[in-house]
Amino acid sequence: MKLSREHVIELLKEGKRIDGRSLLDPRPIQMEVGVVERAEGSAIVAMGKTRVLCVVRGPMECVPSYLADPEKAVLDVAYRMATFSTEERKSPSPSRREIELSKVIREALEPALMLDRYPRMMIRVYCLVLQADGGTRTASINAASMALAYAGIPMRDLVASVAVGYYDGKILVDLNAAEDDICADIPMAMMPAYNKITLIQADHIFPVDKIGDVLKVGVNAMKKIYELQRETLKKRYIDIARELGGE
Ligand code: ADP
C-alpha cells in the first residue's frame, strides 16, 4: 500500500512509522557474504526493502596505468542503481548522483583499508542497488566493507553505516524512501572498534543542538549493524572450515 506524504507526516508527528517500527529501530537487516563465486569478495545486504549487491575485484594491475599510485593501491568504487531498482525505470547511464555517491562510499571506506600494502595496484568495488527504498549508500557501505574483508584485503576495522533522520523534534533511525523525502537525512559511517566516524552528511535542515543526539542514535545503530557484519563473516568462515573438513 502506498501511503500519502501527509499520512507519513501525521504518523511521524505521533512518533510512529509507516512500517510499524519504533523511532530508534533499524529496519530488518539481512546479510550474506561470498555470493559471487568468481569475485575475490562479495556481499549482499538488505535493509528493509533496500537491497544492494557488492562485488570486490583485486588487488589487480591498475588500469588505466597512469592512475597508479607508487605509495598505495587505488580504490575504485562504482555505485550504480539497476534499471529495475526503482518504481519507474532508472536510466542505465550513470547519473551525477551515482558518480557523487561512488566518491562518498569510497571516502567512507578508505580510512579502514591498508591500501599502502599494495602500491601501484587497484582494488575495484562495485555496488549495485537491486532495489531502492532509502539508505542505498549506507547499505552499499555495509556491503562493501564486508566484501572487502571477505576478499582478504587488510583492514583496520569493518565500516558500519546508517542514516539518521530528524523531523519535528523527533530523531529516527534508518530512513526508508518515504521518510527520506520528509526528514532531514543524516547518513553516517564509522569504524566501531576505533570509535571513529568516517562519513557524516546532512541533507535538509535540523537544529544545531540536536547534532549530539543524532550522532548518539546513529552510533548505537551502527554498533548493532557492526555486530551483524562480524557474525555474518564469522559464520561464513566456520561454514568454509566445515566444508574443508578442517574442524
Ligand atoms: P540514499 O539511497 O543513500 O538514501 P538519496 O537520499 O539520494 O540516497 O535517495 C533516497 C532514495 O530516493 C533512494 O534510496 C531511492 O529509494 C530514491 N531514489 C534515488 N534516486 C532515484 C531515482 N533516480 N529514481 C527513483 N528513485 C530514486
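Values as computed for the structure displayed
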| read-out | value |
| --- | --- |
| Some residue of the range 142-158 being polar (S, T, N, Q), assigned to a helix (DSSP H, G or I) and modelled with pLDDT of 95 or more | yes |
| Sole residue being away from the ligand (no atom under 11 Å from the Cβ), in contact (Cβ under 8 Å) with a residue 40 or more places away in the chain and under 14 Å from the mean Cα position of the chain (by Cα), chosen from 158, 172 | 158 |
| Output for the range 36-78, where each listed residue is at positive phi and either part of a strand (DSSP E or B) or surrounded by fewer than 21 Cβ atoms within 10 Å (Cβ to Cβ) (or both) | 58 |
| Residue within the range 48-55 that is more than 26 Å from residue 197 (Cα to Cα), of a type outside the set (Gly, Ala, Ser) and either at pLDDT below 95 or away from the ligand (no atom under 16 Å from the Cβ) (or both) present | no |
| Only one of 73, 39 that is touching a helix residue (DSSP H, G or I) at 6+ places or on another chain (Cβ under 7 Å) and under 24 Å from residue 137 (Cβ atoms) | 73 |
| Near pairs, Cβ below 6 angstrom, 6+ apart or cross-chain, from the range 183-200 (on the phi < 0 side of the Ramachandran plot and touching a residue at least 24 places away in the same chain (Cβ under 8 Å)) to any residue that is open to solvent by 70 Å² or more (accessible area, probe 1.4 Å) and more than 13 Å from the ligand (Cβ to nearest atom) | 188/200; 190/197; 192/223 |
| Residues located in the range 213-229, provided they are open to solvent by 100 Å² or more (accessible area, probe 1.4 Å) and in contact (Cβ under 8 Å) with a residue 24 or more places away in the chain | 224 |
| Residue in the range 117-126 that is at pLDDT 95 or above and either within 11 Å of the ligand (Cβ to nearest atom) or crowded, with 23+ Cβ neighbours inside 10 Å (or both) present | yes |
| Positions within the range 176-199 being within 16 Å of the ligand (Cβ to nearest atom), touching a helix residue (DSSP H, G or I) at 6+ places or on another chain (Cβ under 9 Å) and in a loop (DSSP other than H, G, I, E, B), in sequence order | 183 |
| Some residue of the range 131-146 being over 11 Å from the mean Cα position of the chain (by Cα) and open to solvent by 40 Å² or more (accessible area, probe 1.4 Å) | yes |
| Hits in the range 129-141 - residues which are part of a helix (DSSP H, G or I) and not aliphatic (A, V, I, L, M) | 136, 137, 138, 140 |
| Within the range 20-35, tally of residues that are of a type outside the set (S, T, N, Q) and loosely packed, with under 15 Cβ neighbours inside 10 Å | 3 |
| Pick from the range 79-108, criterion open to solvent by less than 20 Å² (accessible area, probe 1.4 Å) and more than 10 Å from the ligand (Cβ to nearest atom), ranking: nearest to the chain's Cα centre (by Cα) | 108 |
| Tally, over the range 180-212, of residues that are touching a Lys or Arg at 6+ places or on another chain (Cβ under 7 Å), open to solvent by less than 10 Å² (accessible area, probe 1.4 Å) and within 20 Å of residue 48 (Cβ to Cβ) | 1 |
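The values are calculated or read from the model by the stated rules, or taken from the named source; none is laboratory data. Not measured: the values here are computed from a predicted model. Counting neighbours? That spans all protein chains shown, and the Cβs are built from the backbone with ideal geometry, glycine included. Note: areas computed on protein heavy atoms with side chains; ligands, DNA, RNA excluded. Shrake-Rupley method; radii C 1.70, N 1.55, O 1.52, S 1.80 Å.
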